[in-house]
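*Asks:* First the structure, which I've put down as C-alpha cells, then a few questions once you've had a look.
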Amino acid sequence: MARCNTCESYFILDPPDKEDLGKFYPRSAGVYNDAYGTRRRIVSSINGLVCGHRCIYDDIPRMLPREGHSFALDVGAGAGLLSTLLSSIGWSVLSSDSSSYALESLKKNELRCIRSNAELPPFRDEAFDLVIMSQVIEHLYAPRESLVKYFRTLKHGGIIVIGTPNGASLSHALFGPYWTESSVPRHLTIFSSRRLRALLGEVGFSHVTISTTFHPSFGRSLWDASHRSDSGSHTLRDLLAAGLLPLDMLSKMLGRGNGLVATAVKS
C-alpha cells in the first residue's frame, strides 16, 4: 500500500476490479462461525482480565445516547454482533449485508435483515436515527460517495458511527505489511484519523469525534511476521495475541491504537 503524505492514509494503487474482489474473500468473511466465536470469546475474556477492557464491539453501544432510541442501520452486519448489542439497549435494528452467508447467520440469530451492497444502500432518505459501519469503510471503492448516501438516510440529528483500522497505529508502524489489519487487497484504504475527520466534514457531518481503540493486534501481527503469513495454529496465534494485549493497551494510551472509532452528527 502507498502512503499519502498529506492525509497520512494508505491506499492500494492498483486495486482489483470489483468483479474480481470477491475471490479474495472466504465465504464466511466477516461472520464469526462457532469455532472462531469460541476463540474470540476466550481472547476477549483474557482481554478483560489483563486490561480491564472489553472487545470494541462492546464499546460502541456505550458511545450512543441512552434516550430517544429509534431506528438503527447496521451496515455490513456479519453475524449480527453489533445488531444484537444495539437491540439489547433498546434500538430497533435493521441489519444489512451483501453476503448470503451473513444473511443466513442473521436470520439464524432472529435479526431483521436485508441483502444490500454497502456502496449502494437502497434505503429512503431520513429513514434512520443511527447508522453504524463497523469494519466496512476500508472495503469501499468510493467511500466519500457512499457516505453521502448514508448521510441522506439519516434523520436530522442522526448519528453515524464508523469503526475502521488505524493507519497511524503503533502495530502498523512496527509490522508493516504483516500488520494483521492490512488485509490487502480486501482493505482498499487504511484511514488516518485526519483523513476520516476531513471526509466526514466534506460530506456534511458535524460534531466529529474520533478515538483510537485496541484489540488483539500485536500478537497476531508478530505471529504473521514470523510465519510470513497468518498460517499455522490459529489457537496459538490467538493465545499469543492475548498474551501481548498489554502492548495493544499501551498503544491506545499513546493515541496510536489499532482501530479508529468515529462518531458524527447530521446537523
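No lab work stands behind these numbers, since they all come straight from the coordinates. The structure displayed is predicted, hence computed values, not measured ones. Glycine also receives a Cβ, built like all others from the backbone with ideal geometry; neighbour counts cover every protein chain displayed.
*Asks:* Can you give me the long-range amide H partners of residue 168? Hydrogens built in the peptide plane at 1.01 Å from N, cutoff under 5 Å, separation of 5 or more residues or another chain.
*Replies:* Amide H neighbours of residue 168: 193.
*Asks:* What are the lysines whose alpha-carbon lies under 29 Å from the alpha-carbon of residue 266, with same-chain residues fewer than 8 places away excluded?
*Replies:* Those lysines meeting the cut-off are 149, 155, 252.
*Asks:* So who's got an amide H within less than 5 Å of the one on residue 180, skipping anything under 5 residues away but keeping other chains? H placed 1.01 Å off N, in plane.
*Replies:* 221
*Asks:* While we're on this one: Would you grab the residues whose amide H sits under 5 Å from the one on residue 112? Only those 5+ places off in sequence or on another chain, please, with H modelled 1.01 Å from N.
*Replies:* Here 95 satisfy the definition.
*Asks:* What list of ³J(HN,Hα) values in whole Hz, one per residue of segment 76-87 in order, does the Karplus curve 6.51 cos²θ - 1.76 cosθ + 1.60 (θ = phi - 60°) give from phi, with Gly and Pro shown as x?
*Replies:* Couplings: x, 6, x, 7, x, 4, 5, 4, 5, 5, 5, 4 Hz.
*Asks:* Please give the net charge around residue 8, taking every other residue with its beta carbon less than 15 angstrom from that of residue 8, where Lys and Arg add +1 and Asp and Glu add -1.
*Replies:* Spelling it out: positives minus negatives among the neighbours equals +4.
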